[in-house]
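Step one of this worksheet: look at the structure below.
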Amino acid sequence: NKNSYLGGILTSRIGLNGHQNYAYGLDGIFKLHGEDFLSVRVAQSYDNDSSNKVFSVRPSFLFVNLEKRSQKGIGYNLAYSYSGDQFSPGIGFVQLPSVRGFTGNLMYNWLPGEKSRFFNYGISLNGTRFASVTNGILETMIISPGWQMFTKKGYGAVINAQLDKEGVQSDFSISDSVSIKAGNYSFKSI
């Protein structure tokens, strides 16, 4: 239908020293019904410095997202993402390498009407959890309830309470006098 698409990509990087890296993938957004959409991205990389297997998940990337794009009433966004420990596109970057995880957003929005100065306002609950694909240890987790409003003139305000938990896999130094030890760290913010 006119609200869906399917696309593909193929990249290659060949170094003067003979090193070769290829990445290929497909992506698409499909309108399922009404305001419900499914997004899918699948990619794989080939690098002559790695043991490459076509049907292995180690050099692969997967993203699946189901969402209801609604400015009024209930909306949602549920996503799963996987980035294998050998996925390495030679042209470009991977924001969160070697992780798998879920992201979920649940929201309810109101449209106050033509006479109001507000375009919409609503409440939301957002959550994210990513873990390492190699050992299952927590990388990051976020839980965030919130409220937002937007005016018809384009102004807006958002307030969120947020709980973050970060898993540090190994010790590292920020400077000569400051080092961070491996472990889980929690943060709260508004």
(request) Taking H placed 1.01 Å from N in the peptide plane, check which residues at least 5 places from residue 86 or on another chain put their amide H under 5 Å from its amide H. (result) 60
(request) Treating cross-link reach as a plain straight distance, find the lysines whose alpha-carbon is under 20 Å from the alpha-carbon of residue 53, omitting any fewer than eight places away in the same chain. (result) none
(request) Take each of the peptides 54-66, 26-38, average the number of other beta-carbon atoms within 10 Å over its residues, and list them starting from the highest. (result) 54-66, 26-38
(message) With the cut-off at 1.5 for a/c, could you classify the range 54-109 from its C-alpha gyration tensor as rounded, prolate or oblate?
(response) prolate
(message) List the lysines whose Cα sits under 28 Å from the Cα of residue 181, skipping any in the same chain fewer than 8 residues away.
(response) 165
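With charges only on Cβ, +1 for K and R and -1 for D and E, what is the dipole size of the chain about its Cα centre, in debye, rounded to 20? Display every interim value, and only then the final one.
Details: 18 positive and 13 negative charges, 169 e Å.
Here the chain has a charge dipole of around 820 debye.
Relative contact order of the range 1-79, please, whole-number percent, based on alpha carbon pairs below 8 angstrom and at least 6 residues apart.
23
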(request) Excluding residues on the same chain fewer than 8 positions from residue 31, give the lysines whose Cα lies under 29 Å from its Cα. (result) 2, 68, 72, 152
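Cβ neighbours within 10 Å, averaged per peptide: list 176-188, 106-118 in order, most packed at the top.
Packing order, densest peptide first, comes out as 106-118, 176-188.
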(request) Give me the number: length gained by fully extending residue 27 to residue 153, i.e. 0.36 nm times residue separation minus the C-alpha to C-alpha distance, one decimal in nm. (result) 41.9 nm
(request) Of the DSSP beta bridges with both residues in the range 27-97, give the percent that are antiparallel, rounding to the nearest 5. (result) 100
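Would you kindly give the portion of the calculated P(r) for the chain that falls above 22 Å, as a percent of all Cα pairs? Walk me through the numbers before you get to the answer.
Numbers: 11316 of 17955 pairs.
Here the tail beyond 22 Å accounts for 63 percent of pairs.
Just so you know, all these numbers are worked out from the coordinates, no wet-lab data involved. Please read all numbers here as calculations on a predicted model, not as lab measurements. We place every Cβ from the backbone using ideal geometry, glycine too, and count neighbours over all the protein chains shown.
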